[in-house]
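Student: The structure under discussion is supplied below as structure tokens; questions concerning it will follow.
The values are calculated or read from the model by the stated rules, or taken from the named source; none is laboratory data. All of these numbers come straight from a predicted model, not from anything done at the bench. Backbone-built Cβ (ideal geometry, glycine too); neighbour counts: all protein chains shown. Quick note on the areas: whole protein, heavy atoms, side chains included, nothing else; ligands and nucleic acids left out. Shrake-Rupley method; radii C 1.70, N 1.55, O 1.52, S 1.80 Å.
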Amino acid sequence: MTEQARGWTVRPETEADRAAVHRVVAAAFPTPAEADLVDALRTDPAWLPGLSWVAETSGGEVIGHALITRCTIDGADALALAPVSVLPEHQRTGVGGAVIEAALQAARERGEALVTVLGHPEYYPRFGFVRASTLGVKVPFEVPDEALMVLVLDDSEPPPSGTIRYAAPFGV
Ligand SMILES: CC(C)(COP(=O)(O)OP(=O)(O)OC[C@H]1O[C@@H](n2cnc3c(N)ncnc32)[C@H](O)[C@@H]1OP(=O)(O)O)[C@@H](O)C(=O)NCCC(=O)NCCS
């Protein structure tokens, strides 16, 4: 089924979406921490135009959101996908997948090399993510090996390897 047939479409976030995005992120996670993180990232140099995507119903309600921001890997530019949020009543209907694919495609079109994600190891491989450890990418804290994943967008150059440094608002 196409997105439109399902009653929603995806598009980049606009300024008018800020409050709605905050609501969606806060509803998807147990605490407001991730919603506050999105707001903090918006004013951080790690924020890149065109890499915050929303899913919106035909009635104009924002129901999903995916954010990609700048990180570095041993000083080389890379991207971090986080957070991804879908309103609980719309989860498992394809919204998360669509909004992630759209954000990844926008990153690819910017000529970015690699996206990292820390999350459900059962979910992200469907987008092409593989274990980060296979490419020598790690984080400066303890995580289960399978939870840290990377997607190479541009394989014309060797992908960066080393330790991920996240934007300051992540606080890690
Ligand atoms: C994770 C999330 C973004 C996925 O979005 P979604 O729209 O529900 O997912 P899609 O409909 O595109 O894909 C559905 C598939 O995702 C996987 N999936 C969804 N939620 C999952 C979870 N919590 N753990 C593992 N896999 C999950 C399942 O394989 C599911 O398939 P199934 O319904 O056949 O079991 C969404 O469920 C969400 O907002 N969860 C709460 C916040 C969160 O955990 N964010 C991600 C942090 S890594």
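Student: Viscosity 1.002 mPa s, temperature 20 °C: Stokes-Einstein D of segment 122-172 from its Kirkwood Cα radius, in µm² per second?
Tutor: In µm²/s, the coefficient is 178.
Student: What percent of all Cα-Cα pairs in the chain falls in each 10 Å bin, counting up from 0?
Tutor: 10, 40, 37, 12, 1
Student: Compute the length gained on full extension between R6 and R92: take 0.36 nm times their separation in residues and subtract their Cα-Cα distance, giving the result in nm to one decimal.
Tutor: Contour length minus Cα-Cα distance gives 29.7 nm.
Student: For V130 and S58, FRET efficiency with R0 = 41 Å and r from the beta-carbon atoms, rounded to 0.05?
Tutor: FRET efficiency, S58 to V130: 0.70.
Student: If I take every Cα pair under 8 Å that is 6 or more residues apart in segment 97-156, average their sequence separation and divide by the length, what percent do I get for the relative contact order?
Tutor: So the answer I get is 46 percent.
Student: Could you sort Y166, Y123 by accessible area so the largest value comes first, with the probe set to 1.4 Å?
Tutor: Y123, Y166
Student: Could you compute Rg(Cα) / (2.2 N^0.38 Å) for segment 1-89, with N its residue count?
Tutor: 1.12
Student: With each pseudo-label sitting 7 Å past Cα toward Cβ, what's the T43-A27 distance in nm, one decimal?
Tutor: 2.6 nm
Student: Could you work out, for segment 57-116, what percent of all Cα-Cα pairs fall into each 5 Å distance bin, beginning at 0 Å and stopping at the bin that holds the largest distance?
Tutor: For segment 57-116, the binned pair fractions read 4, 18, 25, 20, 14, 10, 6, 2, 1 percent.
Student: Here's something else I'd like to know. Given a 1.4 angstrom probe, I'd like the percentage of the accessible area of segment 1-136 that is carbon and sulfur, rounded to a whole number.
Tutor: Carbon and sulfur: 52 percent of the exposed surface of segment 1-136.
Student: Also: Express in nm, to one decimal, how much length is gained between V152 and T14 on full extension, taking 0.36 nm for each residue of separation and deducting their alpha carbon distance.
Tutor: 47.0 nm
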